[in-house]
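Here the structure is laid out as structure tokens; the discussion comes afterwards.
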Amino acid sequence: MSTEGGTRAILAALAANLGIAASKFVGFLLTRSSSMLAESIHSVADSGNQVLLLVGGRRASRQATPEHPFGYGRERYVYGFVVSIVLFSVGGLFALYEAWHKWSDPHPIESWAWVPVVILLVAIGLEGYSFRTAIHESNRTRGSRSWPAFVRTSKSPELPVVLLEDTAALLGLVFALFGVGLTLATHDGRWDALGTALIGVLLVGVAAVLAVEMNSLLIGEAATPEHREAIEAALVGEGVERVIHMRTLHLGPEELLVAAKIAVPAAVRAEDVAVAIDAAERRVRAAVPIARVIYLEPDIDRARVAPSSLPTASPAGH
């Protein structure tokens, strides 16, 4: 995924959430609906999360230093993990607390009854625009993967985070509309509490999914199967007989480390080995441009070379 596409999705979500948060707070102040309050805090949390993603992307673009020789690309994963914590605590736990409080002391919506319904419908339209932008940008790199597979396998945190947040936001608005609508119809504030509780459970679940995915990226994930196959195929060529073994690691969404032991012919000069390694690196970078850090160790393919042709150690004392 390109960083540019992720930034567009984040900015669209941020603009939508700021406007939605302000309108929801107005609705809460007029109606004292717990669902409106939970959704207001949810939008504030989402806005903060989008700012965190933008800050993480900026910090990740810093140049490598002697203390961090592989750069700062994985800071994007750190900030993605912080987003999951904010969504869990500020969004989910607050909504669950507010639902419990409202259930303990239910009261109907007695004034400005039409306000929350109008605000929620407008918010659904704005969130739909943000969600559409995230889908459009994701489709550029999603390929044939399903949406759950895209969230699980994407090496960039921004679009999966925005997709999950927007999905949660749209469902949360539906839950809020459900709670507010039934409260207005029945004059029973417990429906409002139930809608708030559904919002809280939803946000806690989404935060858990985000935490698991960001944790996996923080620990370190290998290249995708397609990239691994392309790298192995590119390594084999003039002067390189086969790949004995290989390890890959994402240093960031668009930066891949490749370390491999390659088999070279048994009887070649060191100069020929160096030329073969340089050529192999060029082939790999052409096949997989994000493979920017490459370490290759030449070795003899001992499985194919007759034991008698291999050099033996001199006896002790000679």
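The values are calculated or read from the model by the stated rules, or taken from the named source; none is laboratory data. Every value quoted in this text rests on a predicted model; they were computed, and no experiment measured them. A quick note on method: Cβ atoms are made from the backbone with ideal geometry, for glycine too, and the neighbour counts reach across all protein chains shown.
Looking at residue 142, is it among the basic types (Lys, Arg), within 28 Å of the chain's Cα centre (by Cα) and either modelled with pLDDT of 85 or more or not assigned by TED's automatic domain parsing to the domain that holds residue 192 (or both)? Spell out how you get there, then give the answer.
Working: among the basic types (Lys, Arg): yes; within 28 Å of the chain's Cα centre (by Cα): yes; either modelled with pLDDT of 85 or more or not assigned by TED's automatic domain parsing to the domain that holds residue 192 (or both): no.
The answer is no for residue 142.
Part of a strand (DSSP E or B) and farther than 30 Å from residue 84 by Cβ: does that describe residue 297?
Answer is yes for this residue.
With respect to residue 149, determine if the residue is free of Cβ contacts under 8 Å to residues at least 60 places away in the same chain and either under 18 Å from the mean Cα position of the chain (by Cα) or farther than 20 Å from residue 50 by Cβ (or both).
Yes: the conditions hold for residue 149.
Residues being touching a strand residue (DSSP E or B) at 6+ places or on another chain (Cβ under 6 Å), part of a strand (DSSP E or B), farther than 30 Å from residue 140 by Cα and not aliphatic (A, V, I, L, M) are represented in region 238-249 by at least one member.
Counting only residues that are in contact with a Leu (Cβ under 8 Å, 6 or more places away or on another chain) and either assigned to a helix (DSSP H, G or I) or among the small types (Gly, Ala, Ser) (or both), region 58-74 holds 2 of them.
Here is a yes/no grid of residues against (1) over 24 Å from residue 82 (Cβ atoms); (2) assigned by TED's automatic domain parsing to the domain that holds residue 130; (3) charged (D, E, K, R); (4) at pLDDT below 80:
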| site | (1), (2), (3), (4) |
| --- | --- |
| 9 | no, yes, no, yes |
| 18 | no, yes, no, no |
| 24 | no, yes, yes, no |
| 27 | yes, yes, no, no |
| 38 | no, yes, no, no |
| 42 | no, yes, no, no |
| 45 | no, yes, no, no |
| 48 | no, yes, no, no |
| 60 | no, yes, no, no |
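Residues that are farther than 28 Å from residue 79 by Cα, assigned by TED's automatic domain parsing to the domain that holds residue 31 and of a type in the set (Val, Ile, Thr) are absent from region 200-215. Within region 76-93, the residues that satisfy the criterion of being buried (at least 16 other Cβ atoms within 10 Å of the Cβ) and either small (Gly, Ala, Ser) or over 13 Å from residue 207 (Cα atoms) (or both) are 76, 77, 78, 79, 80, 84, 91, 92.
Scanning region 257-274 turns up one or more residues that are surrounded by 14 or more Cβ atoms within 10 Å (Cβ to Cβ) and touching a residue at least 60 places away in the same chain (Cβ under 8 Å). Within region 210-235, the set of residues being surrounded by fewer than 17 Cβ atoms within 10 Å (Cβ to Cβ), touching a residue at least 60 places away in the same chain (Cβ under 8 Å) and of a type in the set (A, V, I, L, M, F, W, C) comprises 218 only. If the condition is being part of a helix (DSSP H, G or I), touching a residue at least 12 places away in the same chain (Cβ under 8 Å) and of a type in the set (Lys, Arg), then region 275-292 contributes only 283. Residues of region 162-195 that are touching a Lys or Arg at 6+ places or on another chain (Cβ under 7 Å) and in a helix (DSSP H, G or I): 192, 193. No other residue among 51, 82, 86, 55 is in a helix (DSSP H, G or I) and within 21 Å of residue 255 (Cα to Cα) apart from 55.
On inspection, residue 238 qualifies as surrounded by fewer than 15 Cβ atoms within 10 Å (Cβ to Cβ), farther than 20 Å from residue 157 by Cβ and either under 21 Å from the mean Cα position of the chain (by Cα) or not assigned by TED's automatic domain parsing to the domain that holds residue 34 (or both). Please state which of the following conditions residue 198 fails to meet, knowing it meets all the rest: (1) assigned to a helix (DSSP H, G or I); (2) touching a Ser or Thr at 6+ places or on another chain (Cβ under 8 Å). It fails just one condition, (2). Can you find a residue that is touching a residue at least 12 places away in the same chain (Cβ under 8 Å), surrounded by fewer than 20 Cβ atoms within 10 Å (Cβ to Cβ) and not in a helix (DSSP H, G or I) anywhere in region 16-32? Yes: region 16-32 contains one or more residues that are touching a residue at least 12 places away in the same chain (Cβ under 8 Å), surrounded by fewer than 20 Cβ atoms within 10 Å (Cβ to Cβ) and not in a helix (DSSP H, G or I).
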